[in-house]
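To start, the structure itself, in structure tokens.
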Amino acid sequence: MPQVLSPREVFLALVNGVAEGNWKDLPDLYAEQTHVVHPFDPLRAAALRTREELREHFKPTDGGPRLHRRAASITIHETTDPEVIVAEFEYQGTVEETGEAFTLPGIFVLRVRDGEIVSSRDYFDHVTAARVRGQFDTLVAAVRRRLPPGGSGSRQLPLPGAVPIQR
């Protein structure tokens, strides 16, 4: 019987697998039925709920710049629940084509059961990620399409569940 990875080991396999571009193996770190959300995603993408959806999520895209990155500044906090960890980290890297250096900070809250991720909240800098991948203008255009009719970039949109602040 293969050894079951701890939550810490699963997290390290995940961030190092991303850094190394090991896309085909990453979905296997997740349970068949899972719940992965990206609360800071400016486009508010739906949760990823299956290993197959994660396969699609991790599928490499053609074109775009090549990124060289490594996971760094890793701090893993264990919680009173042995299945749950909170991991702070960043990807440090460069864009091969331009030599531009970048840092992408992130915090993951992972629940790992029997060596597989059953849920994850991935708080990540999506704006910087889009910029270093050459997709910033595409992201901005997509966000603008979501503005209400007549809306502009200066209008504040309420977040789901947010309480308006009175000024």
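Points worth noting:
- Among residues of the stretch 104-128 that are in contact (Cβ under 8 Å) with a residue 12 or more places away in the chain, those with a beta-carbon under 7 Å from a residue that is among the aliphatic types (A, V, I, L, M) and open to solvent by 60 Å² or more (accessible area, probe 1.4 Å) at least six positions away or on a different chain give the pairs Asp114/Val4; Gly115/Val4; Gly115/Leu5; Tyr123/Ile107.
- Residue selected from the stretch 60-72 under the condition free of Cβ contacts under 8 Å to residues at least 24 places away in the same chain and more than 19 Å from Asp25 (Cβ to Cβ), by the criterion surrounded by the fewest Cβ atoms within 10 Å (Cβ to Cβ): Asp62
- Residues satisfying the stated conditions in the stretch 6-39, i.e. in a helix (DSSP H, G or I) and not aliphatic (A, V, I, L, M): Pro7, Arg8, Glu9, Phe11, Asn16, Gly17, Glu20, Pro27, Asp28
- Test for Pro82: is it open to solvent by 80 Å² or more (accessible area, probe 1.4 Å), of a type outside the set (Val, Ile, Thr) and within 16 Å of the chain's Cα centre (by Cα): no
- Residues in the stretch 85-97 that are more than 15 Å from the chain's Cα centre (by Cα) and open to solvent by 60 Å² or more (accessible area, probe 1.4 Å): 2 in all.
- Here is the figure for the stretch 40-55: residues that are in a helix (DSSP H, G or I) and in contact (Cβ under 8 Å) with a residue 40 or more places away in the chain total 0.
- Glu100 vs. criteria free of Cβ contacts under 8 Å to residues at least 40 places away in the same chain and surrounded by 18 or more Cβ atoms within 10 Å (Cβ to Cβ): no
- The stretch 29-40, residues that are surrounded by 14 or more Cβ atoms within 10 Å (Cβ to Cβ) and of a type outside the set (A, V, I, L, M): Tyr30, Thr34, His35, His38, Phe40
- Members of the stretch 46-63 found to be more than 16 Å from Val18 (Cβ to Cβ) and either at pLDDT below 90 or touching a Cys at 6+ places or on another chain (Cβ under 7 Å) (or both), listed by number: Asp62, Gly63
- Selection within the stretch 112-130: residues that are buried (at least 17 other Cβ atoms within 10 Å of the Cβ) and touching a helix residue (DSSP H, G or I) at 6+ places or on another chain (Cβ under 8 Å). The member of this set that is farthest from Ala13 (Cα to Cα) is Ala130.
The values are calculated or read from the model by the stated rules, or taken from the named source; none is laboratory data. All values derive from a computational prediction rather than experimental measurement. Note that we place each Cβ from the backbone using ideal geometry, even for glycine, and neighbour counts take in every protein chain shown. Accessible surface areas use protein heavy atoms only, side chains included; no ligands, DNA or RNA. Shrake-Rupley method; radii C 1.70, N 1.55, O 1.52, S 1.80 Å.
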